[in-house]
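Taking it in order: structure first as structure tokens, then the write-up.
The values are calculated or read from the model by the stated rules, or taken from the named source; none is laboratory data. Bear in mind the structure is a predicted one, so any value in this text is a computation, not a measurement. We place every Cβ from the backbone using ideal geometry, glycine too, and count neighbours over all the protein chains shown. Areas reflect the complete protein model, heavy atoms only, side chains present, ligands, DNA and RNA absent. Shrake-Rupley method; radii C 1.70, N 1.55, O 1.52, S 1.80 Å.
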Amino acid sequence: MSLPSSLVSITTTTSLPIPQTYTYNNIYAYKFKSPFELKQLHAQIIKTNISYNLHFDQVASICALTPSFPYAQKLIQLYANKPETVIWNSCLKTLAESDSPFNAIRLFRRLLEYNVCLDCFSFSFLVKACTKVSGGGLDGRIVHGFIEKLGFMSNMFVLNSLVHLYAVSGEIDDARQVFDKMSERDVVTWNIMITQLVKRGNVDEAYALFCRMDERNVRSWTSMIMGFVQCGKPKEAIDVFTKMEEEKLCPNEVTVVAVLAACADIGALDLGKRIHEFSDRSGFKKNVRICNTLIDMYIKCGYVEAARSVFDEMEERTIVSWSAMIQGLAINGHGEEALELFSKMIQLRVKPNGVTFIGLLHACSHMGMVDEGRRYFASMSRDYGIVPRIEHYGCMVDLLSRAGLLKEAREFIKNMPIKPNGVVWGALLGGCRVHKNLEMAEEAIEHLLELDPLNDGYYVVLSNIYAEAKRWEDAARVRKLMRDRGVKKTPGSSSISIDGVVHEFVAGDETHPQRELIQERWEKLLEEMRLKGYEPNTSVILLDIEESEKVKFLYGHSEKLAVVFGLINTNNGTPIRIMKNLRVCEDCHAALKLISEIANREIVVRDRSRFHCFKNGVCSCKNYW
Ligand code: ZN
Ligand code: ZN
């Protein structure tokens with residue numbers, strides 16, 4: 001190898017050390033740590049005329065960002081047995097994946113400056129670096145400019161990266177424009193666009209694209225399922241999953257998590273169980289995220305035993321697993337088990353978080369353990385440095401109100417360092433209803449109506465309280481107030497999942513194919529319920545209509561329809577699980593208690609805020625909700 005002129009001075013004036021050698025990727029190579037050492041080594045190689053084996057990837061990375069760049073480039077051009085672009089790309093890749101991805105952008109500029117021939121990989125590493133450097137990197141338009149200038153606008157691989165870059169830097173419209181103009185797209189292109197739209201909550205646009213795809217892979221389906229779950233459309237998520245199964249595609253771990261989340265939201269226990277079996281068969285048992293989602297799914301479906309067995313079988317648990325299990329036990333009426341589990345967790349030195357304490361406070365609240373609850377509340381900030389959030393205050397008010405300590409609950413609210421929200425006042429209202437404190441109920445309602453004037457649920461509760469106190473005029477006043485304010489009643493709807501199919505009922509549903517059967521069975525139940533003292537509680541109907549009309553409305557409440565449908569379509573002894581979008585009304589609560597006894601069925605209802613497990617004529621909420 002000949003000697004570049006810049007090295008003459010080094011070879012003639014410096015006394016050189018014996019070259020240190022080492023093996024690099026199993027190749028016998030020389031060791032150097034700086035451009036200076038490289039130059040020394042180079043000179044010595046020439047001087048002593050010994051055989052050499054420079055590692056050119058290393059030459060490139062040592063000199064990439066130094067003034068010796070042109071020197072390294074020359075060495076590579078003259079002696080490397082690989083194209084120069086390949087060597088620099090590997091250097092770009094390493095920098096892009098390092099902790100300082102900005103260096104990849106600096107190197108890219110240098111490559112342009114020294115006219116290094118770039119290829120599609122160079123761009124993909126540049127884009128990778130740009131996406132990692134938020135704010136300080138090159139923005140999409142500059143990269144776009146390079147791509148156009150260097151003639152890569154017909155390269156799909158490069159354009160895919162560009163679409164991705166635009167999208168992750170928040171320029172979703174620019175991403176879409178590039179996407180629309182692409183003459184050729186592969187499944188990766190579509191997936192990038194769909195995933196990014198979903199991440200921005202634009203699920204409808206994502207779905208429109210999804211429908212246009214000729215070929216979809218697991219990733220495409222999974223993104224779509226996730227998208228629907230994230231925007232609160234679990235039914236659509238499950239529909240997409242069903243179609244994916246029809247196409248015989250095998251779900252991966254991400255798909256499993258997304259589908260389980262959909263099952264949890266909609267209470268689709270049958271599908272959830274099937275996914276659980278599939279997950280075990282596929283060897284996903286050790287995936288902590290899947291296990292945590294399974295626990296969550298079973299709890300939200302009111303099947304706490306199954307959640308517990310997933311929890312018990314986990315080899316490794318995170319704080320999410322512990323908190324979910326403690327909370328699940330607490331809200332399903334297993335308060336003691338929840339507290340036991342907490343002691344076990346502390347013994348194992350797992351540090352609790354805010355969610356753990358919500359579970360503990362719920363447990364105490366459900367068991368009426370006021371002092372214990374107070375102790376946990378004090379301990380969370382004192383022993384674990386957790387600042388109580390509004391949810392914790394809500395739990396404390398619930399704990400005190402349930403126990404009938406209404407004055408103390410109100411004092412507690414007044415002394416809160418943060419502004420009480422609807423949940424906090426709602427908890428007090430619940431206590432006032434059960435412990436029949438009309439005055440304080442009015443105060444709570446006043447705050448609630450101020451916070452959320454269009455929530456019809458509060459008017460219902462208030463009218464109910466007046467009706468119970470036989471203050472009919474006040475009850476009428478509430479109805480008038482509601483009308484004057486233009487409050488619209490949210491239509492109640494309940495769903496039940498049977499053999500993997502979700503059946504939805506809205507209040508007064510008269511379109512259901514089984515409506516006659518349902519009506520017949522309801523009449524029969526009603527006879528038996530009357531024998532046990534049931535009387536329709538029409539005070540929950542806030543309409544100025546005839547009493548007989550009110551009764552008709554009452555009997556058409558969606559949870560009643562769903563439960564009767566469940567009784568008809570499931571075998572004896574099978575628990576009936578219902579999801580309700582609103583709070584269960586007093587009348588349905590009373591009716592379902594009786595039905596659980598008459599039909600000898602466990603009925604689990606998840607309403608907007610809690611679970612009711614009706615069994616042998618009683619409810620796990622102890623009539624407090
Ligand atoms: Zn009802
Ligand atoms: Zn209940």
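Details
- Isotropically averaged projected area of the stretch 190-246, using the convex hull of Cα atoms (one quarter of hull area), nm²: 3.3
- Sparsely packed loop sites in the stretch 242-344 (the GluC sites (Glu not before Pro) outside DSSP H, G, I, E and B with at most 14 other Cβ atoms within 10 Å) comprise GLU247, GLU315, GLU316.
- Scaling the Cα radius of gyration of the stretch 475-547 by the globular reference 2.2 N^0.38 Å produces a ratio of 1.45.
- Sequence of TYR458, TYR624 from largest to smallest accessible area, 1.4 Å probe: TYR458, TYR624
- Value of relative contact order over the chain, rounded to a whole percent, pairs C-alpha under 8 Å and six or more apart: 6
- Looking at the chain, the accessible area is 49 square angstrom per residue; that uses a 1.4 Å probe and ignores ligands, DNA and RNA.
- Neighbourhood net charge (14 Å Cβ-Cβ; Lys/Arg +1, Asp/Glu -1) for HIS447: -3
- Column: log10 I(q)/I(0), Debye, Cα scatterers of the stretch 245-336, q = 0.15, 0.17, 0.24 Å⁻¹: -0.51, -0.65, -1.25
- Summarising the strand pairing of the stretch 496-619, around 70 percent of its internal DSSP beta bridges are antiparallel.
- Entry note, the stretch 324-388: relative contact order of 34 percent, from Cα contacts under 8 Å with a spacing of 6+ residues.
- Each peptide in 362-368, 411-417, 495-501 was scored by the mean count of other Cβ atoms within 10 Å over its residues; highest first, the order is 362-368, 495-501, 411-417.
- Quotient of Cα Rg and 2.2 N^0.38 Å for the stretch 526-581, N being how many residues it contains: 1.33
- In the complete set of protein chains, residue-level accessible area for ARG375 is approximately 140 Å², probe 1.4 angstrom.
- Alpha-carbon gyration tensor eigenvalues x 5, square-rooted, for the stretch 55-184, Å: 27, 16, 11
- For the stretch 449-601, the fraction of alpha-carbon pairs in successive 10 Å shells from zero, as %: 10, 38, 33, 16, 3
- Checked against a 23 Å cut-off, the cross-linked pairs LYS524/LYS552; LYS344/LYS580; LYS414/LYS489; LYS552/LYS615; LYS243/LYS300 give Cα-Cα distances beyond that limit for LYS344/LYS580; LYS414/LYS489; LYS552/LYS615; LYS243/LYS300.
- Residue order by solvent-accessible surface for ARG530, ARG402, ARG583 is ARG530, ARG583, ARG402, largest first, with ligands and nucleic acids left out and a 1.4 Å probe.
- Across the stretch 55-184, Cα pairs under 8 Å and at least six residues apart give a relative contact order of 18 percent.
- Overall dimensions of the chain by Cα: Rg and Dmax, Å: 33.7, 114
- Helical runs (DSSP H, four residues minimum) scored at -39500 (n - 2.57) apiece and divided by the length of the chain put the mean residue ellipticity at 222 nm at -19500 deg cm²/dmol.
- For the stretch 580-602, the residues whose backbone nitrogen is under 14 Å from a point 7 Å from the Cα of ASN616, taken along Cα to Cβ, are 596-598, 600-602.
- Residue ranking by accessible heavy-atom surface, 1.4 Å probe, largest first, among THR356, THR574 comes out as THR574, THR356.
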